[in-house]
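The values are calculated or read from the model by the stated rules, or taken from the named source; none is laboratory data. As the structure is a computational prediction, the values presented were derived from the model and not from experiment. Using ideal geometry, Cβ is built from the backbone for each residue, glycine included, and neighbour counts are taken over all protein chains shown.
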Amino acid sequence: MTKIIKINNNKIINHYLKFYYEKKLFKLRKDINQLFFNHHFKKIMIARKKKVSRDFVRKWTRSPNQDFTQDKRGWQKGKRRK
């Protein structure tokens with residue numbers, strides 16, 4: 001019985017960790033966008049300060065009205081990878 005409880009607890013913990021990291025990622029995207037459009041920082045400076053790649057900064061500084069909650073990582077359900 002304890003094994004079942006451990007598995008269920010791990011699933012719950014993984015769910016909350018995923019939710020936490022997604023919220024953190026959305027905040028990071030929003031911060032990068034605001035630093036570029038509101039505070040007029042250079043993209044390279046933002047990448048160094050936030051410790052992310054310049055490509056990540058380029059993606060999230062395309063327009064001031066981007067949707068930060070949109071997450072297109074991974075594959076669609078039901079689609080094969082190859």
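Among the candidates ARG62, ARG58, the residue that is touching a residue at least 12 places away in the same chain (Cβ under 8 Å) and either touching a Cys at 6+ places or on another chain (Cβ under 7 Å) or not aliphatic (A, V, I, L, M) (or both) is uniquely ARG58.
The rows are residues; the columns are (1) modelled with pLDDT under 85; (2) touching a Lys or Arg at 6+ places or on another chain (Cβ under 9 Å).
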residue: LYS18; (1), (2): yes, no
residue: PHE26; (1), (2): no, no
residue: ARG58; (1), (2): no, yes
residue: ARG62; (1), (2): no, no
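When residues in the range 65-79 are screened for being under 20 Å from HIS40 (Cα atoms) and either touching a Lys or Arg at 6+ places or on another chain (Cβ under 8 Å) or touching a residue at least 12 places away in the same chain (Cβ under 8 Å) (or both), 2 of them pass.
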